[in-house]
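Right, one structure below, let's go through it.
The values are calculated or read from the model by the stated rules, or taken from the named source; none is laboratory data. What you see is a predicted model; the values in this text were computed from it and never measured. Cβ atoms come from the backbone with ideal geometry, glycine included; neighbour counts cover every protein chain shown. Accessible surface areas use protein heavy atoms only, side chains included; no ligands, DNA or RNA. Shrake-Rupley method; radii C 1.70, N 1.55, O 1.52, S 1.80 Å.
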Amino acid sequence: LPGGTLEKEAHRLAAYAKTAELKPGETEEVTMEVTVDALTSYDEESAAWILEKGFYGIWIGNSLASAKLCGGMKLDATVTKRQVKNLFPLKQDLEEIVQEPSRTEKRTETAEKLAGEQAMTVLELHAADITTETVEYKKNADLYEREAMDFVNTLTEEELIDLAAGDPGKAQGGNLGAAGISVPGSAGETHRCAVDKGLASIVLADGPAGLRLMKYYHVNEGSIVSMPFEFSLEGGLFYDDSRELPGERYYQYCTAIPVGTLLAQTWNQELIREVGAMIGTEMEHFGVTLWLAPGMNIHRNPLCGRNFEYYSEDPYVSGTIAAAMTEGVQSNYGCGTTIKHFACNNQEDNRMGSDSVVSERALREVYLKGFEIAIRQAQPMSIMTSYNLINGVHAANNYDLCTESARNEWGFKGAIMTDWTTTEQGDNCTASGCMRAGNDLVMPGCFGDHDNMHKELAEGTLKIEDLKACIARLVSVIWKSNQYQQ
């Protein structure tokens with residue numbers, strides 16, 4: 001990337017492809033496309049994604065260590081590719097680690113000189129040929145499908161609140177692996193309050209290595225026997241299986257897939273689509289609509305306790321692999337992924353109380369970029385927000401994250417939900433705050449969430465228009481689910 005106003009990374013991954021398994025002496029031609037967007041950098045001062053004028057060197061290889069400069073492109077003038085607005089303001093001082101001044105420029109000069117000396121192909125790019133996109137920002141209350149809102153307008157305030165916060169009446173509680181009622185071991189379900197009006201309840205099942213359901217369950221006198229959380233934890237490792245259970249036993253067999261990091265190391269998007277399609281097939285079989293995966297946070301530190309289920313330290317790899325997985329899952333009618341944890345969930349210690357303090361540029365180029373790629377390429381049915389705060393604002397209550405970024409800038413059309421018990425960890429994140437931010441569903445839902453929304457609606461701090469927009473988006477997802485005939 002050229003030097004200029006912005007210091008930049010030494011190399012940026014912009015495309016990759018997977019060959020077949022080649023025999024000695026065998027060759028295969030592959031085609032890779034580098035989009036203009038992949039070359040942009042974010043300029044905080046102008047609140048825009050820009051392409052700075054100068055030389056863009058193209059390096060090709062089967063690893064960064066072996067990559068060679070093969071040619072490049074030269075842009076005649078700096079141009080704005082996408083005009084946005086500043087988001088995620090810092091609430092405290094942040095001293096960032098920076099490169100030496102002009103280090104980017106020195107690297108570029110060296111690469112451009114080498115390309116000239118070896119007569120490599122250098123394409124001429126003209127700023128006049130690049131169109132500037134200006135994002136239109138709509139309010140949370142205006143972002144919905146009209147048909148869904150027509151249905152929402154038939155619901156009572158009580159039904160709206162019920163749909164916004166899981167179904168605490170089913171005692172789903174906080175046990176992620178033992179909360180489902182219809183599908184034993186699933187993570188939870190949406191409320192059944194509007195079933196008589198034609199709105200189904202959908203089942204959500206956790207990941208990350210395929211569907212996480214109970215290995216078996218018992219049915220006694222027509223009802224599923226409730227099992228303790230230990231039964232679903234680590235495949236029942238801590239559960240005493242010696243005690244007798246009433247009723248008849250039924251088994252559920254789900255396929256285990258490799259963890260996310262290993263999947264990404266295949267560099268094989270077609271294979272990932274096949275894996276996703278297999279998971280979607282099992283979702284259809286068990287009656288699950290949303291898979292609470294893939295996890296796609298950045299490998300920021302090798303000690304992060306969830307790294308195994310995340311894809312990469314590179315946002316381009318994370319985004320493209322998550323997109324391929326989503327395309328595979330959603331090739332099955334009415335099945336969808338839930339990309340997570342949105343965003344900056346890069347540590348496990350104190351993740352419900354930690355505050356990720358980060359510059360807007362780093363957020364947009366590193367921690368959000370993978371989510372943006374997955375949304376633009378594959379339109380997952382849902383997103384799950386994270387427990388942490390981002391620059392002092394809880395992710396689930398973060399309007400810049402849920403509405404401005406995901407919906408207005410990236411065009412996300414699905415539903416956004418909280419991670420489990422997010423709103424039960426203190427006063428800094430509330431169910432009403434979720435609705436104001438454009439986080440559509442609080443999971444698994446508790447009676448405190450209902451009380452909070454009743455109170456804030458009465459006080460006027462939660463507007464009914466915001467609540468209805470959130471439920472309209474949830475309704476749109478439910479209508480597309482496998483709970484309806486194709």
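A few notes on this one:
- Cβ-Cβ under 6 Å pairs, at least 6 apart or on other chains, segment 118-143 side farther than 16 Å from residue 399 by Cβ, far side in a helix (DSSP H, G or I): 122/115
- Consider segment 451-486 and keep the residues that are in a helix (DSSP H, G or I) and either among the acidic types (Asp, Glu) or modelled with pLDDT under 95 (or both). The one that is farthest from the chain's Cα centre (by Cα) is 459.
- Taking segment 454-486 as the range and being of a type in the set (D, E, K, R) and in contact (Cβ under 8 Å) with a residue 60 or more places away in the chain as the test, the residues that pass are 463, 465, 466, 468, 473, 480.
- Top-ranked residue of segment 42-63 - restricted to ones that are more than 13 Å from residue 11 (Cα to Cα), part of a strand (DSSP E or B) and of a type in the set (Gly, Ala, Ser), ranked as most open to solvent (accessible area, probe 1.4 Å): 54
- Matching entry among 371, 412 (being at pLDDT 95 or above and under 10 Å from the mean Cα position of the chain (by Cα)): 371
- Residue within segment 309-323 that is surrounded by fewer than 19 Cβ atoms within 10 Å (Cβ to Cβ) and of a type in the set (S, T, N, Q) present: no
- Test result for residue 136, modelled with pLDDT of 95 or more, part of a loop (DSSP other than H, G, I, E, B) and either more than 29 Å from residue 287 (Cα to Cα) or open to solvent by 80 Å² or more (accessible area, probe 1.4 Å) (or both): yes
- Segment 371-411 - residue that is aliphatic (A, V, I, L, M), open to solvent by 20 Å² or more (accessible area, probe 1.4 Å) and in contact with a strand residue (DSSP E or B) (Cβ under 8 Å, 6 or more places away or on another chain) and, of those, nearest to residue 331 (Cα to Cα): 381
- Test: residue in segment 139-150 that is hydroxyl-bearing (Ser, Thr, Tyr), modelled with pLDDT of 90 or more, open to solvent by 30 Å² or more (accessible area, probe 1.4 Å) and part of a loop (DSSP other than H, G, I, E, B): yes
- Answer from 288, 358 - the residue that is at pLDDT 95 or above and touching a Leu at 6+ places or on another chain (Cβ under 7 Å): 288
- Restricting attention to segment 423-448, the residues that are crowded, with 24+ Cβ neighbours inside 10 Å and either more than 24 Å from the chain's Cα centre (by Cα) or free of Cβ contacts under 8 Å to residues at least 12 places away in the same chain (or both) add up to 0.
- When segment 64-120 is filtered for residues that are closer than 23 Å to residue 401 by Cα, among the polar types (S, T, N, Q) and assigned to a loop (DSSP other than H, G, I, E, B), the ones remaining, listed by number, are 86, 92.
- Considering 292, 303, 271, the condition of being open to solvent by 10 Å² or more (accessible area, probe 1.4 Å) and under 28 Å from residue 425 (Cα atoms) is satisfied by 303 alone.
- Residue within segment 229-246 that is out of contact with any Cys (no Cβ under 7 Å at 6 or more places or on another chain), within 13 Å of residue 325 (Cα to Cα) and open to solvent by less than 70 Å² (accessible area, probe 1.4 Å) present: no
- Remark: residue 109 matches the filter, which requires a residue to be open to solvent by 100 Å² or more (accessible area, probe 1.4 Å), in contact (Cβ under 8 Å) with a residue 60 or more places away in the chain and closer than 20 Å to residue 77 by Cβ.
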